[in-house]
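The values are calculated or read from the model by the stated rules, or taken from the named source; none is laboratory data. Source: prediction; values computed, not measured. Ideal geometry is used to build each Cβ from the backbone, glycine not excepted, and the neighbour counts take in all protein chains shown.
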């Protein structure tokens, strides 16, 4: 049997005086003619309420009340991981970006999301670096690394709105004035004084030979520390050279001749024992 509906019944007072019916979860009882009339009015009212409720549309959220935070809510360290996954950076650049991003994350708070970071946070970070003794050029380099990472966030829709990292710490004139000075022989002797530098050959050979390679080749420190023992090679004419496979730029990947004095200093033996990097 199918469930009876309201239309199945004749509500003529002579046919039915007492009944009980449930409409939309509300139970209606009638025992007299007056009850019956009130029941019909109640049923009509309930139908009207149901119809009105079905036509109600959710109110639109005003534009100015829409949350400004991105749905991802990435922190600086989470953005760093995505940035390194998607961008093919040189080994030296990777460490520079990691160090700067983690330093910035610690400064602003590791739980703070990238869309909560303001320009004033970047300014305060730059001021802190300067107070700690970093040169303006070094501070600008760190800011530029952060700027590239936040540009990536905008490109991949991790960040909504403008890039908060747009600070210009040093002007072009200041950069030119703060250029690197050329070291003369006396400066090099002072830096590599045997009283300090000599014992490092035993205490910390990695540090010792990295510094020695830097002074005789002019290579970037990132290129030096990425050297492997099989990168120490010799030509058919018995000229030793270093094969640079990883550097900051494409032009940095090259073969660099080294003077015999470097090999005679014990570097050849050290390189043959190093695993896997020099």
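Summary of values
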| item | result |
| --- | --- |
| Extreme residue, farthest from residue 221 (Cα to Cα), among residues of the stretch 238-257 that are in contact with a helix residue (DSSP H, G or I) (Cβ under 8 Å, 6 or more places away or on another chain) and part of a loop (DSSP other than H, G, I, E, B) | 245 |
| Which listed residue is over 15 Å from residue 263 (Cβ atoms) and modelled with pLDDT of 85 or more, from 213, 202 | 202 |
| Test: residue in the stretch 87-94 that is closer than 30 Å to residue 252 by Cα, assigned by TED's automatic domain parsing to the domain that holds residue 164, at pLDDT below 90 and exposed (fewer than 12 other Cβ atoms within 10 Å of the Cβ) | yes |
| Selection count, the stretch 72-106, where residues are part of a helix (DSSP H, G or I) and touching a residue at least 40 places away in the same chain (Cβ under 8 Å) | 15 |
| Hey, residue 224 part of a helix (DSSP H, G or I) and over 29 Å from the mean Cα position of the chain (by Cα) or not | no |
